[in-house]
Amino acid sequence: MLKIRNLHAKIEGKEILRGIDLDVKAGEIHAIMGPNGSGKSTLASVLAGNEAFEVVEGSVEFNGKDLLDLSPEDRAREGFFLSFQYPVEIPGVSMTNFMRTALNEQKKYRGEAPLSASDFLKLMRDRKQLVDIDSDLTNRSVNEGFSGGEKKKNEIFQMAMLDPKLAILDETDSGLDIDALRIVANGVNKLRRPDNATILITHYQRLLDHIVPDFVHVLYKGKIVKSAGKELAYELEKNGYDWIKKEME
Amino acid sequence: MQLSEHDIALQRLFAENRELIEKDAAPEVNAAREGAMEAFSKLGIPSSKVEAYKYTNLQAWFKAGYTQAYGLNGATSEALKQFECNVHELDSYTLFTVNGKFVAGSNVEALPDGVEAGSFAELSKKHPELLKRYYGSLAKVEEDGFVALNTLFATDGIFIYVPKGKVVEKPIQVVNVLTGEQDLMVNQRNLIVVEEQAQARVLFCDHTMSMSRFVVNTVTEGHVAESAMLDFYNLQNQHNGTVQVGAYHFDQETRSLLNANYFTLHTGVARNNIFSRLGGPHAENHISGLYVIDKNQHVDNFSFINHAVPDCESNELFKGVMDDASTGAFTGRIFVAPDAQRTNAYQSNNNLLLTENAKMNTRPQLEIYADDVKCSHGATVGQLDEHAMFYLRARGISKEEANILLMYAFAYEVIEKIQVPALKEQIRELVEKRFRGELDKCDSCVVCGQLGTGRVKSE
Ligand SMILES: Nc1ncnc2c1ncn2[C@@H]1O[C@H](COP(=O)(O)OP(=O)(O)OP(=O)(O)O)[C@@H](O)[C@H]1O
Ligand SMILES: [Mg+2]
């Protein structure tokens, strides 16, 4: 589904990603861990098409298409989804209007008819339940005045609405209380199908108790320096990153 | 001040046509021309050297060479039929003016008893006592050359009178149409009187219906008496060959409420002079505006809020979305008189510039002579938020659609100020159409069903 080869990216002249290789197949769950500032969010942003970053080398194939060649909106329409580490507040754009526009533009791209008003509302209701999001939140402007945890839940709600093929959740667990974490994790698990895949960026083993990854990768200084099964996350939880950093020197 | 050759030509034009101008006007209106003549001979049409007109030079437009709209200029009531049938989208009392003249055939029969809404020329003769009391009391000829010019040439316009205690729930919609084969100068005069405990909602829709060039100088005086309420809306949707100076002078008494909203969705050059005097304690006003302009359009909102007495509140919010090489200006004067204690005065002007060529001048001018005052003002000029832009696109929304969502999000605060729900919905739609670039192309205005026009080619 996703094939990243030797990906290098810079921002303001500084090279942040320095040769990433990663393969994600349908049905898989990958976790990416790594110290602060190692480039995890940068990788997610580059994949989503944030033009602030410049790709200097490498390739990304997404379901047979050259992902880097697509506009951000076309990436989303091809089934790519990023749950932002820092979701943006957009006063004046209602959640409902936002979701209706996004969903219908995606449908149009795929040559499907737009949802009727009542079908759309039904879908909203259904997906709200899935992530147990307060009804009141979807009546407000996008993320405006949402608490940290509410913003994260809202990302998963959007994911549930848009039903992507590949989702990258960038620290969606940070800021969630214990119950919310369980609810969000359950939501992600329920959305799981043999034909979609998820990449979890996280600092904590805790999330991985709920959503069990097939692979755990460590990103360090812009490279994936270690990949293993879910046991790697336990090891990191116990011993931190020092031993990996040492191995690198 | 030295008068320009055009000022002198305008004076001559008045002298030559005085008989025609005065023929059907009320004696008070004619009497006021004396003072106007004197004032105009001192002021002329203000150039951009006049501080208040620094950002908008109108001298070049107000030439005597334009035909004056003394009558309907050939617009027959037949010709107006085409839009009358389109006007029923807003449940309102509807009045029309063509080139500044009231046109019969409006649906105002059902107005509450005693409430008047109709021709200024006629009603000013019917109500000499109101005219004596109010005409020219707020829009003073000696303070602005445009008021002097208007007072010289004024013959007709709209007169609205809501007597004590009367509540007019449905909006009174005034459709001001500019039309005809000839380029025209129009001096329209309006008077709105809302007496004690009375309420009115008034909407002015300004439109162009033919491709001629129009130079418009409108003066509206609005009196809001004790515990009265006036909701005033001005919707400007004119072609780019229009130059309009609109003066709106309001006076408020004790515990009165004024909401005044200015939507400039399309025009050539627009200058709004918005004056509001809070003259009785606990009077409150909310004055807002939204201008959405592109190409070479120019909008200048000049406002003067006068806190003459203690315990009043004013709220001012003007927002602009400016594309291409459009230019704009905002001046927000707030005056707080020496004994006007416990004044609350808030003002902000925010602008979204979509290109590097769009230019905005914004200046707050605060003159505060009382010490117990809460006053805030702020002005911003910025671009669309690129983080928000990326967030929307990352969900599959195209750049164009994201642009529209964000422009609308910027503007919506002003739309929220509209107090009449049906009108709010229609203006919301209209603004969205404007952002989609469909307004000057589209065939009608959703508020009053006006046919649109194409573009007038620039000179
Ligand atoms: N807009 C930017 N301008 C300059 N430097 C940036 C910018 N964005 C990211 N960086 C830098 O790139 C590096 C990687 O940042 P990134 O956000 O990808 O880290 P991360 O692995 O997600 O960290 P965290 O675990 O703290 O979220 C950091 O050193 C950061 O300061
Ligand atoms: Mg990060």
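The values are calculated or read from the model by the stated rules, or taken from the named source; none is laboratory data. In this text, all values refer to a predicted model and were calculated from it rather than measured experimentally. Ideal geometry is used to build each Cβ from the backbone, glycine not excepted, and the neighbour counts take in all protein chains shown. Areas reflect the complete protein model, heavy atoms only, side chains present, ligands, DNA and RNA absent. Shrake-Rupley method; radii C 1.70, N 1.55, O 1.52, S 1.80 Å.
Is any helix in chain A, taking whole DSSP H runs, at least 18 angstrom long along its axis by alpha carbon and on average at least 0.0 on the Kyte-Doolittle scale, and which ones? Each step should come with its number before you reach the end.
Working: long enough: A:95-109 (21 Å, -1.12); A:117-131 (22 Å, -0.40); A:148-162 (22 Å, -0.65); A:178-191 (20 Å, 0.66).
Helix filter hits for chain A: A:178-191.
If you average the alpha carbon positions of segment A:132-186 and of segment A:201-233, how far apart do those two centres end up, in angstrom? Here the two parts' Cα centres lie 21 Å apart. Using only helices, what value at 222 nm comes out for chain B when you add -39,500 (n - 2.57) per DSSP H run of length 4 or more and divide by the total residues, to the nearest 500 deg cm²/dmol? It lands at -7000 deg cm²/dmol.
Put a plus charge on the Cβ of each Lys and Arg, a minus charge on the Cβ of each Asp and Glu, and nothing anywhere else: the dipole of the protein assembly as shown about its Cα centre is then about 1160 debye. Relative contact order of segment A:2-248, taken over Cα pairs closer than 8 Å and 6 or more residues apart, is 28 percent. When only Cα pairs below 8 angstrom with a gap of at least 6 residues are kept, chain B shows a relative contact order of 11 percent. Protection proxy ranking of B:250-263, A:57-70, by the mean of other Cβ atoms within 10 Å over each peptide's residues and highest first, is B:250-263, A:57-70. Of the chymotrypsin sites (Phe, Trp or Tyr not before Pro) found in segment B:312-419, those that fall in a DSSP loop while having at most 12 other beta-carbon atoms within 10 Å are B:Tyr369.
Taking the accessible area of the protein assembly as shown, probe 1.4 Å, and keeping the other protein chains in place, the carbon and sulfur fraction comes to 48%.
The dipole here belongs to segment A:2-248: it is taken about the Cα centre, uses +1 on the Cβ of Lys and Arg and -1 on the Cβ of Asp and Glu, and is about 280 debye. With a threshold of 27 Å on the Cα-Cα distance, the over-threshold entries among B:Lys63/B:Lys101; A:Lys65/A:Lys230; B:Lys63/B:Lys417; A:Lys10/A:Lys230; B:Lys319/B:Lys399; B:Lys42/B:Lys63 are A:Lys65/A:Lys230; B:Lys63/B:Lys417; A:Lys10/A:Lys230.
Pairs over the 20 Å Cα-Cα cut-off, from the set A:Lys108/A:Lys165; A:Lys128/A:Lys152; B:Lys359/B:Lys424; A:Lys108/A:Lys128; B:Lys125/B:Lys170: B:Lys359/B:Lys424; A:Lys108/A:Lys128; B:Lys125/B:Lys170. Look at the stretch B:383-390: the mean tally of other chain Cβ atoms within 10 Å of its residues' Cβ atoms is 5.
Assuming charge only on the beta carbon of Lys and Arg (+1) and of Asp and Glu (-1), the dipole of chain B about its Cα centre is about 640 debye to the nearest 20.
Interface residues of segment A:95-119, defined as those losing at least 50 Å² of solvent-accessible heavy-atom surface relative to the isolated chain (probe radius 1.4 Å), are listed as A:Phe98, A:Glu105. Expressed as a fraction of 2.2 N^0.38 Å, the C-alpha radius of gyration for segment A:152-234 is 1.08.
So with the 1.4 Å probe, I'd like the accessible area per residue for segment A:78-199, rounded to whole Å².
On the way: 5080 Å² over 122 residues.
I get 42 Å² per residue for this part.
Interface B-A: total buried accessible area of about 1900 Å², 1.4 Å probe, protein heavy atoms only.
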